[in-house]
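Derivation of every value follows stated rules applied to the coordinates shown; laboratory data play no part. Keep in mind it's a predicted model, so treat the numbers as computed, not measured. With ideal geometry, Cβ positions are generated from the backbone for all residues, glycine too; neighbour counts draw on all protein chains shown.
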Amino acid sequence: MTATESAPGAAARFRAEYGAHRAAEGRGHRGAELLELPYLSSGPLARQWKVRARSFDAFVRHVLRPAAAEVRRPLDVLDLGAGNGWLCYRAALAGHAALAVDVRDDAVDGLGAAAGYLAEPGVGFGRVAASFDALPLRPAGFDVAVFNAALHYALDLPATLAEAARTLRPGGRLVILDSPFYRRDSDGRAMVAEKRKHAAVRFGGRADALLSLPFIEYLTVERLRDASESAGLVWTRYPVAYPLWYEARPLTARLRGRRAPSRFDLWVGRIP
């Protein structure tokens, strides 16, 4: 952020440039391709979605099904960082009520792109454009709140977790899905340094805007524990069995003398 640029101005510029960057990456899924997510079977991004599909399956197995069995009714699901709303779509197909929240409302893969799901017969979910630390939602309205590949975009981790926990009913579940965790903080800091070093190549003229906001970027067990203290959250990690090529990443990094890569396991927080 420049000395003369306001925080709202930087945030607006980030949203616009991030949408353009996502479009350049080919993430504006449409039609049948949109309806496949997260089980995308073809195209240049299919390999990435195979990883995300494993995470989503773990979310269904360890969160949605047990939570629904516990309350004995359809769930109210809050999808934080929902993007185009694919998780809400999947939750709606399973009979649950869902609300998609994202700071972006563009039609690339922001909330505007959810129109492709809402056009499907019998599918419905709400959409709200909002930031994580100021959710325009009443307290205790949801059974599950899930940060959907999104918590690493938090600006204030304790405030973000507390705000999400506020939306949960007693016994509710707060879920971290597809955010990078590192065993050592030094590896996370190294990742951020690499991202900034190569930003011009990776992001081109959008680099300044995309790096202008002080996101937390990554998590560690210690970071999560310390940030959760005020909210009273206790976390359980559910390891996700990823494709073999993905599970081999730590060995490959070690053999090449590189930093350890992140993991994207499922984390579920509850208030005792």
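For the pair Ala119 and Arg196, how long in nm is the line joining their label points, each one 7 Å along Cα→Cβ?
Here the modelled spin labels are 4.3 nm apart.
Cα-Cα pairs above 36 Å in the chain: how many percent? Walk me through the intermediate numbers first.
Working: 3881 of 36856 pairs.
Pairs farther apart than 36 Å: 11 percent.
Most exposed first by the Cβ proxy, i.e. fewest other Cβ within 10 Å, how do Ile271, Ile176, Ile216 rank?
Values: Ile271 15, Ile176 26, Ile216 18.
The fewest-first ordering by Cβ neighbours comes to Ile271, Ile216, Ile176.
Which of the trypsin sites (Lys or Arg not before Pro) found in the stretch 176-272 are loop residues per DSSP with 12 or fewer other Cβ atoms within 10 Å of their Cβ? Walk me through the numbers on the way to the answer.
Numbers: sites: Arg183, Arg184, Arg189, Lys195, Arg196, Lys197, Arg202, Arg206, Arg223, Arg225, Arg237, Arg254, Arg256, Arg258, Arg259, Arg263, Arg270; in loops: Arg183, Arg184, Arg256, Arg258, Arg259.
Loop-located and lightly packed - Arg184, Arg256.
Label points 7 Å out from Cα along the Cβ direction at Ala241 and Arg30: separation in nm?
Each label point lies 7 Å from its Cα, and together they span 3.9 nm.
Run the numbers for Val221 and Thr252: contour at 0.36 nm per residue of separation, minus the present Cα-Cα distance, in nm.
Numbers: separation 31, 0.36 × 31 = 11.16 nm, distance 2.33 nm.
That works out to 8.8 nm of additional length.
Can you tell me the dipole magnitude for the chain around its Cα centre, using point charges on the Cβ only (Lys, Arg +1; Asp, Glu -1), in Debye to the nearest 20? Don't jump to the answer; show the numbers that get you there.
Values: 38 positive and 29 negative charges, 178 e Å.
Dipole about the Cα centre, nearest 20: 860 debye.
Take the Cβ-Cβ distance between Leu45 and Arg65 as r, set R0 to 30 Å, and report the resulting FRET efficiency rounded to the nearest 0.05. Let's see the in-between values first.
Details: r = 27 Å, r/R0 = 0.92.
It comes to 0.65.
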